[in-house]
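Below is one structure, written out as structure tokens, with a few remarks after it.
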Amino acid sequence: VFMNPESSQKRIAFGYNRRGTTIVIHEGQAACVKLIFDYYLEGKSLSEIKDILEGIGIPSPQSKPKWGKQTLSNILSNPHYLGSEDYPAIIPQDVFDQVQKLKTK
């Protein structure tokens, strides 16, 4: 789980903010999460996705210009994006399931 620098909670997944006691979608980061899932389903490798995100200047969850492949892998495996616990859904179940199948290959 990644830290969101704008969150008052120490550990909140990338793609979300905390508003009071509620976890809400951070639209900009959520769009990035969707891109990561889409690129992976298109067959792009973690290295290719990393290069694309860095090339278009999207900061990593740690607000750094460089992305780590492990960071991307963790995002692709995070069940919070399905809408779990207090998190609203960003990724539909079928997309998440397809990515998990691809990751095991």
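Computed values, structure above
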| item | result |
| --- | --- |
| Once exposed loop GluC sites (Glu not before Pro) are cut out (DSSP; at most 14 other Cβ, 10 Å), longest piece of the chain | 43-84 |
| Percent carbon-and-sulfur accessible area, the chain, ignoring ligands, DNA and RNA, probe 1.4 Å | 52 |
| Label-point gap, in nm, between residue 101 and residue 70 - each point 7 angstrom along Cα→Cβ | 3.0 |
| Long-range HN-HN contacts of residue 18 with modeled amide H, under 5 Å | 8, 24 |
| Integer Hz, Karplus 6.51/-1.76/1.60 couplings in order for the range 87-104, x for Gly and Pro | 8, x, 6, 10, 10, x, 4, 5, 5, 4, 4, 4, 5, 5, 5, 4, 5, 7 |
| Under Karplus coefficients 6.51, -1.76 and 1.60, residue-wise ³J(HN,Hα) of the range 27-32 in Hz, glycine/proline x | 4, x, 5, 5, 4, 5 |
| Amide proton proximity set for residue 86, modelled H, under 5 Å, gap of 5+ | none |
| For the chain, accessible area per residue (1.4 Å probe, heavy atoms of protein chains only), Å² | 56 |
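The values are calculated or read from the model by the stated rules, or taken from the named source; none is laboratory data. Just so it is clear, the structure is predicted and the values come from calculations on it, not from any experiment. Ideal geometry is used to build each Cβ from the backbone, glycine not excepted, and the neighbour counts take in all protein chains shown. To get the accessible areas, we keep the full protein, side chains included, count just its heavy atoms, and leave off ligands, DNA and RNA. Shrake-Rupley method; radii C 1.70, N 1.55, O 1.52, S 1.80 Å.
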